[in-house]
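What follows is a single structure, written as structure tokens, with notes after it.
What follows is calculated from the coordinates using simple rules that are stated; it is not laboratory data. All values derive from a computational prediction rather than experimental measurement. Positions of Cβ are backbone-derived with ideal geometry, glycine not excepted, and every protein chain shown enters the neighbour counts.
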């Protein structure tokens, strides 16, 4: 069942179209992430849902009722901001209680609800502290508690972890997901961080240039991108120009390879291979191509070995492989052989958002 429906949402700033006919259905209790680069329209869309600015056309429906004509404070949505947005002159308790005071909740209920949510976000010992006495992570927990304590129908989060260091981001990411599941609240989360989006979401919506490019589970978005932009933005990819011989034969990295019919029929297509799908110094188990190159850089991260390999006349390929003594011993200048299985290749039409062909 849909909790939030966005129907043909348009928004422009002067001549710049920020949102171009957005249509989305977001299920009740889902953790739904808007993912995309800066300027793609994700924050504009979130702020339209919150009521901070009105869309030019289209409708926003929450719980089966249109909220487009309601002011922000009447929409029953909670908002967590990128810059924490805690009130510097109020202590933790009063910051969290602010929305309840505005709703004219009784003092007894405020005490009970604020105490409960502070315990949930592990801030019960800090209720009397002022914001300047808190770390960035603690301030963001205050913002999260303030948004949840009013029991909103929808929780909106605008890049809430982007100002935190990597370790704290990972910790708060887990906490946010756990809280969202405990409360069962429909959550719309904005980020440009693909790892963040893939790790915490039920559904991911990839946006670019004010347009929804693809919606799906994190696994589907990663393994089955529907256009070149999604394939390039979500995870790493190697893109290679496709040439043609006699049908159905094509050329990839100078090697002959049978092409799918749709790919052979269109000029200018590109093939894509994820770095982890490339076989390094090993045999192929099925149809594909093998190419020779020179290792330019090897980076050992503990979990994996990242290799940058230069192919004569064909640029660089990036490969990921499991570390072993033989692999870790590789050094810049060594000759390596890379293998690509035909079944691991994806093909896209020309252009930044070229459609997936095979």
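Could you tell me what % of all Cα pairs in the chain have separations over 40 Å?
Pairs farther apart than 40 Å: 29 percent.
Given Cα pairs under 8 Å that are at least 6 residues apart, what percent is the relative contact order of the chain?
Details: 722 pairs, mean separation 55.7, N = 358.
Reported as a whole number, the value is 16 percent.
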A student applying the Cα gyration tensor rule (rounded when a/c is under 1.5; otherwise prolate if a/b is larger than b/c, oblate if not) would label segment 160-221 oblate
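Let me know the shape class of segment 94-194, please: from the alpha-carbon gyration tensor, a ≥ b ≥ c as square roots of the eigenvalues, rounded when a/c is under 1.5, otherwise prolate if a/b is greater than b/c, or oblate. Walk me through the numbers on the way to the answer.
Working: a/c = 2.00, a/b = 1.37, b/c = 1.46.
Taking the square roots of the gyration eigenvalues as a ≥ b ≥ c, segment 94-194 is oblate.
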Taking the chain and counting helices only, DSSP H stretches of n ≥ 4 at -39,500 (n - 2.57) each over all residues, the nearest-500 ellipticity at 222 nm comes to -7500 deg cm²/dmol
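Based on the mean of other beta carbon atoms within 10 Å per residue, what is the order of 252-259, 190-197, most packed first? The partial results should precede the final answer.
On the way: 252-259: 18.1, 190-197: 19.6.
Peptide ranking by packing, descending: 190-197, 252-259.
So in the chain, what percent of DSSP beta bridges are antiparallel if you round to the nearest 5?
Working: 59 of 77 bridges.
If I count the DSSP bridges inside the chain, around 75 percent turn out antiparallel.
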Ordering 74-85, 312-323, 225-236, 99-110 by per-residue average of other C-beta atoms within 10 angstrom, highest first, gives 225-236, 74-85, 312-323, 99-110
For segment 1-113, shape from the Cα gyration tensor axes a ≥ b ≥ c, cut at a/c of 1.5 then a/b versus b/c, turns out prolate
Between the alpha carbon centres of segment 218-275 and segment 83-160 the gap in Å comes to 49 Å
Distribution output for segment 238-348: share of Cα-Cα pairs per 5 Å bin in percent, first bin at 0, values 2, 12, 23, 24, 17, 12, 6, 4, 1
Taking 35-41, 140-146 and ranking on average Cβ neighbours within 10 Å, highest first, one gets 140-146, 35-41
Here, residue 299 and residue 312, labelled 7 Å along Cα→Cβ, have an inter-label distance in nm of 2.8 nm
